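Novice: Below is the structure I would like to discuss, written out as structure tokens.
Computed from the coordinates by the stated procedures, all read-outs in this text should not be read as laboratory data. No experiment lies behind these values; they were computed from the predicted model shown. Note that we place each Cβ from the backbone using ideal geometry, even for glycine, and neighbour counts take in every protein chain shown.
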Amino acid sequence: MSLKLASISIDLDETPRYAAIHGLETPRGLAAHVVYDRCVPRLTAWLEDESIRATFFAIGEDLDREENRTTITALHRAGHEIGNHSYHHHYDLTRRAVGDIGEEVERGAAIIEDVCGKRPAGFRAPGYTVSDPLFSALERSGVEYDSSVFPCPSYYAAKAAALAAIRVRGRKSASILDSPAVLRAPREPYRIGRPYWRKGDGLIELPIGVTPLQLPYIGTSLVLGGERIAQRLTKQMLGRELINLELHGLDVADAIDDGLEALGPHRADLKRTAVDKLRSLRAATRVIREAGYELVTLEQAAQRFKSKPNR
């Protein structure tokens, strides 16, 4: 019997990491903590209003800040899942030594376990960039599932163009481009093989959403497009056993209210208000619910897929 599951996950990348992507100066003051201090409350209010339990992927070193630890504790107690987004969020994680990769996974898991009292079941790679050594590290660490593989040609091309434009402007981006081999990976949940883009008998992979028209089904697409585009993209995802909607906390940031004027010229989504963005997300979840999908955390989705044969 086919599953009809939908999951919402939120990467808690703080604003200094976006500045690093664009080769900009590190933001200070209010702008440095917008995701935890301004965006998470907006997201949790929306999720609570719709009785949705989501998966939040936290970066380990961000939890050295006491206010962030309090936020993550509250999310966990409210029934949301806390996943591991590595310790430092090195965009070039897959290009580092095997030992360094393993340490990033373990340190991220350890601090989340210390804060929540529960070891994270899932992992999401910085910048969606994956490799066989990374998956080997995840398996050694006892990770139950990964949700990083993003086999989307249009996203890949757009990212390549954006990185090239940054170089042309004389700035250096911290981000890197994944191997094009990722585009060969399945769009539906599968067990990782070797190479990782083949099916095998490894851990469960829950790929980032890609529509049948090869468009990225992620928060940035929905909030940029507005309510109508959010609805259309979501309708394209209907029929999948898992609708995996990945967001970033910054997807509900407000350039003016949150003091992000310096970042605004480099991100088209910051031209829309937080109120408008949340309307788009509500429109998407309305389509999902009307189609009869069950909204679950990624951990719950992974457990359901594990019980299915030939995964």
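Novice: With the checklist (1) crowded, with 21+ Cβ neighbours inside 10 Å; (2) acidic (Asp, Glu); (3) touching a strand residue (DSSP E or B) at 6+ places or on another chain (Cβ under 7 Å) in hand, flag the one item GLU241 doesn't pass.
Specialist: Failed condition: (1).
Novice: Pull out all pairs, ordered by first then second residue, where Cβ-Cβ is under 6 Å, the residues are six or more apart or on different chains, the first lies in the range 113-135 and is on the phi > 0 side of the Ramachandran plot, and the second is surrounded by 24 or more Cβ atoms within 10 Å (Cβ to Cβ).
Specialist: As it stands, the answer is TYR128/SER148; TYR128/PHE150, since those pairs meet every condition given.
Novice: Hey, can you tell me all the residues within the range 252-278 that are under 16 Å from TRP46 (Cβ atoms) and either free of Cβ contacts under 8 Å to residues at least 24 places away in the same chain or of a type outside the set (D, E, K, R) (or both)?
Specialist: VAL252, ALA253, THR273, ALA274, VAL275, LEU278 - these are the residues of the range 252-278 that are under 16 Å from TRP46 (Cβ atoms) and either free of Cβ contacts under 8 Å to residues at least 24 places away in the same chain or of a type outside the set (D, E, K, R) (or both).
Novice: Okay, moving on. Between THR297, THR234, THR273, which is surrounded by 23 or more Cβ atoms within 10 Å (Cβ to Cβ) and in contact with an Asp or Glu (Cβ under 6 Å, 6 or more places away or on another chain)?
Specialist: When all the criteria are applied, what remains is THR297.
Novice: Which condition breaks for ILE82 when tested against (1) within 21 Å of GLY108 (Cα to Cα); (2) of a type outside the set (Gly, Ala, Ser); (3) in contact with a Ser or Thr (Cβ under 6 Å, 6 or more places away or on another chain)?
Specialist: That leaves (3) as the condition not met.
Novice: State which residue is surrounded by the most Cβ atoms within 10 Å (Cβ to Cβ) when the search covers only the range 73-100 and only residues that are of a type in the set (Val, Ile, Thr) and within 19 Å of the chain's Cα centre (by Cα).
Specialist: Ranking the qualifying residues of the range 73-100, first place goes to ILE82.
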